[in-house]
1. In units of 2.2 N^0.38 Å, what is the alpha-carbon radius of gyration of chain B?
2. Once phi is turned into ³J(HN,Hα) by the Karplus curve 6.51 cos²θ - 1.76 cosθ + 1.60 with θ = phi - 60°, what whole-Hz value does each residue of the range A:191-199 show in order, with x for glycine and proline?
3. With N denoting the number of residues in the range A:123-276, provide Rg(C-alpha) divided by 2.2 N^0.38 Å, to two decimal places.
4. With N denoting the number of residues in the range A:10-116, provide Rg(C-alpha) divided by 2.2 N^0.38 Å, to two decimal places.
5. What is the local net charge at B:F46, summed over the other residues whose Cβ is closer than 13 Å to its Cβ (Lys, Arg +1; Asp, Glu -1)?
6. Which net charge results for the neighbourhood of A:L186, defined as the other residues with beta-carbon distances under 10 angstrom from its beta-carbon, given Lys and Arg at +1 and Asp and Glu at -1?
7. To the nearest whole number, what is the average tally of beta carbon atoms from other chains within 10 Å of the beta carbons of peptide B:251-262?
8. Can you give me the Cα centroid spacing of the range B:118-164 and the range A:190-218 in angstrom?
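Just so it is clear, none of the values below were taken in a lab; they were calculated from the coordinates. Please read these numbers as outputs of a predicted model, since none were measured by experiment. Cβ atoms come from the backbone with ideal geometry, glycine included; neighbour counts cover every protein chain shown.
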2 protein chains.
Amino acid sequence: MDTHASDARTDRPPLPLIPVSDPDDPRIADYRDVRERDLVGRRGQFMAEGEVVLRLLASRGGADLVSVLVSQASLPRISDALDQLPRHVPIHVAAQPVMDGIVGFHIHRGILAIGRARPQLPPETLLAGLPARALVVALMGIANHDNMGGIFRNAAAFGAHAVLLDEACCDPLYRKAIRVSVGASLIVPTARAGNARDMLGAIRGAGFELLSLSPSGTERLSDIAPGGRMAALFGTEGPGLPPEVLAATRTVSIPMAPGFDSLNVATTSGIVLHHLAGGG
Amino acid sequence: MDTHASDARTDRPPLPLIPVSDPDDPRIADYRDVRERDLVGRRGQFMAEGEVVLRLLASRGGADLVSVLVSQASLPRISDALDQLPRHVPIHVAAQPVMDGIVGFHIHRGILAIGRARPQLPPETLLAGLPARALVVALMGIANHDNMGGIFRNAAAFGAHAVLLDEACCDPLYRKAIRVSVGASLIVPTARAGNARDMLGAIRGAGFELLSLSPSGTERLSDIAPGGRMAALFGTEGPGLPPEVLAATRTVSIPMAPGFDSLNVATTSGIVLHHLAGGG
């Protein structure tokens, strides 16, 4: 038995637990009235929810975290992950009714955390730093947080190197988008790339092959050979990518059944990334 | 110009429009307090929402429909689809505030319809009637209506012949599941197949190859050659398929990035069906 490791564990300083019994405690002001704060924004901060997301952040050191709020009931279940966090991150612990009173609704997951959004690189800088074989997701006008979260989840699952967003995309650090992404929108490198022309220019300038997904695409996804630097471009559900983007790029389609040519954009991204990552 | 066709169109009887001005009108009782009715169930009926779903039903003749409720503002936009419905299906028309008062919330889509759920065949009968090359989706314990709707949408998009549900699956005709499926759960043949053993027995008895999707699967999806009668089996998010099912079937995995092996089950179904339908 390695008693040294055992000793080292025992020697770790205790978790910086802070009991909270008053919903108006100023130390947990960032957690108050969560839904109203979703609407006004968190000015450079994000809110993460639930065990899976907190474990993901903790497994990467948790350097972005500002504080944690957990229910007393959830604390034992998540303690091993909390032990991985830097000791300067306070862990507020409240009884479930107090926690519900703070956030403004019943928070059955019992685990919340506030973090600092990482500064974003300009798209040109982000793309220039990627390897010679790289896979990038580029999004235009994705306005739905479920779809945004789903796309980031797929980007992480298939090892995409970055996600670029045009100016019309919604915020991937919105609370619901983070939750749906199971934390992926906190870890996949991201850049805002202005309008369609700016975005295509940045991607082409970095030597990426641009593939525009569209039901009217001229090439079949399965005929695309993965490799090199590739960027897969997705437009909003319904209208899809603008005609001028389709006209200026290779267009790729996914064959579907006659009479029902309708796929969710997040699902589409999963199918495309699975293929371009070499999986099928 | 084909004046005959033009005449025929003119000769169509007018739409059976019924103005409604009182939210308590007994003729629209089925539309009252929609959310409460979601909870208690609709006893063999379903509620469809929105233009896309109504157009899908109308394009197939609308024989399952019992009645329609549209806002005055939505009527012009949907009239051509309503014209495809049998004339015995009443079309209730209400001002937006009256419609909101009937359903109990602001129904911004402005289009609702009630239909009769189609009688389901036993799984053995459904499977026996499928062609020699057929693709079936089998679900165990899918409890989330978003995932259920997403899986049905993918089943329709990739031409799956049927969806089998075990006894632990939620109802694909729940209002939200229909909406997320963009109507697919109303058109893809479906059967309830009891517990896991019943389901596997029915699928094997019909000569289908069973493929269980799991992150621990021993074969890669891209190595599976599509063809013949194939059934793709999916379990609930989190726990996935039960060990005894994995032990009794071919297990298939989708390669993912190290440290983030997490895909949504609906997205997984899209990737699998795209491959098994011959798309990649």
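1. Values: Rg = 21.3 Å, N = 280, 2.2 N^0.38 = 18.7 Å.
For chain B, the normalised Cα radius of gyration comes out at 1.14.
2. 9, 8, 10, x, 8, 4, 5, 4, 5
3. 0.94
4. On the way: Rg = 12.9 Å, N = 107, 2.2 N^0.38 = 13.0 Å.
Compared with the compact-globule rule of thumb, the range A:10-116 sits at 0.99.
5. Numbers: positive: B:R37, B:R42, B:R43, B:R116, B:R118, B:R175, B:K176, B:R179; negative: B:D30, B:D38, B:E49, B:D64, B:D171.
That works out to +3.
6. On the way: positive: A:R60, A:R118; negative: A:D64.
Overall, the nearby charge balance is +1.
7. Values: counts 0, 0, 1, 7, 8, 8, 7, 1, 6, 12, 2, 10.
Per-residue shielding by partner chains comes out at 5.
8. The distance from the Cα centre of the range B:118-164 to that of the range A:190-218 comes to 36 Å.
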